[in-house]
Each structure stands twice: as structure tokens, then as C-alpha cells.
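Q: There's a structure below that I have some questions on.
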Amino acid sequence: MCQQEKDVLGQLGIVVHEIGHALGFYHEQSRPERDDHVYINTDNILGNYRSNFDIVHAIENYSVAYDLSSVMHYRSKAFSAKGNTTIATKNLRYQSVPGQRDGLSHRDILANMIYGCTDTWLKNCNRSSEICQNEGFTGRDCKCVCRSGTSSPNCAKVTFDYYNNLLQEYTEVVTNGTVITSPNYPSEYERSK
Ligand SMILES: [Zn+2]
């Protein structure tokens, strides 16, 4: 369990996150390959809390991809000394994603399934291996549980990428010279729900 996590997570997220710790899960940003996905701005972290951002080499990831939207991932300003970003995503489009507060992400559930249930459920469904694609997995009713942006029957059709529905509404890739303004500038843009 970690200290003062109320400050760095949303309301429902707090409960799920702390249950995650109770079940033995580490922080997502402690995964050994996290530097491929985020920059940790150590200088911006409150002095006593820098160790919360340490890499833990013993983490078992069950071959589930790193997940900025995991309920076990800190938000971008977690334990900030002066309100500056402590966790910056390497892909700038994803800066709004870390520390989402809506409970378990698809990959959180996928890791749990692989850890505990998939083998049994595959067997009950007379499947020798997983037929669901693109991070989908076989559910209790033998249907594929697909991530958002992919669709049934086997999650084979990909409509949008994993983080798409967590991006700020105005996130765009600009390919031509243009003038852009951020709503609420120069204050921080608040995502509307
Ligand atoms: Zn925690």
C-alpha cells in the first residue's frame, strides 16, 4: 500500500487501485520497460516520494502490453512538488491517458484473466488456444471480450487504437501548417465527461 494516493488518483480509481495492491499488483510505471513509454521527471517529484517511481524488475507482465490507462498507473502530476508534470508520455498524444479513473482497463482485466481464468475458460469452451485477436480474450460465456476499437466475433476488426477513447476531445495530428488554440488556454484544458 502506498501513502497519500488519494491525491494522485480519481475516486473510483482509488478503490480499485488499492484493491490491486492488496492482490499483489505493482504500479504500472514500475514495469521494467516503462522508459519505452514514459519519461519520469525526477526533479519535479516531491523529495520523499521519488522511490514511488522506482522500476521493479521482478514484475511479471503476463505478456500484456504496457498500459498507460491501467488503474495501477499514476497520473501525470502524481506527487508533483510544484504542480509540474512528473510523468510525461513519450507519445505526446497520450498525455491525458495516465491515471484514468474509470476502474480496470482492458489490459488490467486481460492480465488478470491470463493469471487466473483463461485456461479454465478455454477448456470449458472446447478451445485448445485463444481465438480472440488484438488483445481480446475468451469470456465465461465463450464469447470474445474485445477491447474498445475492435469488434466481434473474434475482435479481428480494428477500428481505432487502444487509447483512442481516452484522448482529449481535441487531440489531432496536424499535418499542414495551421493555427491551433487549446480551449481554456493558457489554463489547463479540462476534459468534459
Ligand atoms: Zn499505489
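The values are calculated or read from the model by the stated rules, or taken from the named source; none is laboratory data. None of the values given here were measured: they were computed from a predicted structure. Cβ: placed from backbone, ideal geometry, glycine included. Neighbour counts: every protein chain shown. The area values use the complete protein model at the heavy-atom level, side chains included, leaving out ligands, DNA and RNA. Shrake-Rupley method; radii C 1.70, N 1.55, O 1.52, S 1.80 Å.
Q: Looking at residue 62, is it in contact with a Ser or Thr (Cβ under 9 Å, 6 or more places away or on another chain) and closer than 21 Å to residue 24 by Cα?
A: The answer is no for residue 62.
Q: Next up: Consider only pairs whose beta carbons are under 7 Å apart and that are at least six residues apart or on different chains; among these, list those whose first residue lies in segment 13-34 and is among the aliphatic types (A, V, I, L, M) and whose second residue is open to solvent by 20 Å² or more (accessible area, probe 1.4 Å).
A: If the second residue must be open to solvent by 20 Å² or more (accessible area, probe 1.4 Å), the pairs left are 14/6; 16/104.
Q: Working only within segment 140-172, note down all residues that are over 26 Å from residue 99 (Cα atoms), assigned to a loop (DSSP other than H, G, I, E, B) and open to solvent by less than 50 Å² (accessible area, probe 1.4 Å).
A: Result: 142, single match.
Q: Right, next: Would you call residue 49 out of contact with any Pro (no Cβ under 7 Å at 6 or more places or on another chain), within 30 Å of residue 156 (Cβ to Cβ), buried (at least 17 other Cβ atoms within 10 Å of the Cβ) and at pLDDT 90 or above?
A: no
Q: Right, next: Quick check, is residue 127 outside the structural domain of residue 34 (by TED's automatic domain parsing), open to solvent by 50 Å² or more (accessible area, probe 1.4 Å) and either assigned to a loop (DSSP other than H, G, I, E, B) or at pLDDT 95 or above (or both)?
A: Judged against the criteria, residue 127 is a match.
Q: Now for a separate question. Is it fair to say residue 79 is on the phi > 0 side of the Ramachandran plot and in contact with a strand residue (DSSP E or B) (Cβ under 7 Å, 6 or more places away or on another chain)?
A: So residue 79 fits the description; yes.
Residue-wise test of (1) away from the ligand (no atom under 15 Å from the Cβ); (2) aromatic (Phe, Trp, Tyr); (3) at positive phi; (4) outside any loop (DSSP other than H, G, I, E, B).
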position	(1), (2), (3), (4)
13	no, no, no, yes
35	yes, no, no, yes
43	yes, no, no, yes
52	no, no, no, yes
56	no, no, no, no
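Q: I would also like to ask the following. Would you pick out the residues in segment 107-120 that are open to solvent by 30 Å² or more (accessible area, probe 1.4 Å) and not in a loop (DSSP other than H, G, I, E, B)?
A: Residues satisfying the conditions are 109, 112, 114, 115, 116, 119, 120.
Q: Still on this structure, please answer the following. For segment 66-73, state whether one or more residues are at positive phi and either open to solvent by 10 Å² or more (accessible area, probe 1.4 Å) or outside any helix (DSSP H, G or I) (or both).
A: Looking through segment 66-73, none of the residues is at positive phi and either open to solvent by 10 Å² or more (accessible area, probe 1.4 Å) or outside any helix (DSSP H, G or I) (or both).
Q: Next question. Go through segment 25-46 and count every residue that is open to solvent by 50 Å² or more (accessible area, probe 1.4 Å), out of contact with any strand residue (DSSP E or B) (no Cβ under 6 Å at 6 or more places or on another chain) and hydroxyl-bearing (Ser, Thr, Tyr).
A: The total comes to 2.
Q: Residues in segment 81-93: is at least one of a type outside the set (Val, Ile, Thr), modelled with pLDDT under 95, open to solvent by less than 40 Å² (accessible area, probe 1.4 Å) and not in a loop (DSSP other than H, G, I, E, B)?
A: Within segment 81-93, not a single residue is of a type outside the set (Val, Ile, Thr), modelled with pLDDT under 95, open to solvent by less than 40 Å² (accessible area, probe 1.4 Å) and not in a loop (DSSP other than H, G, I, E, B).
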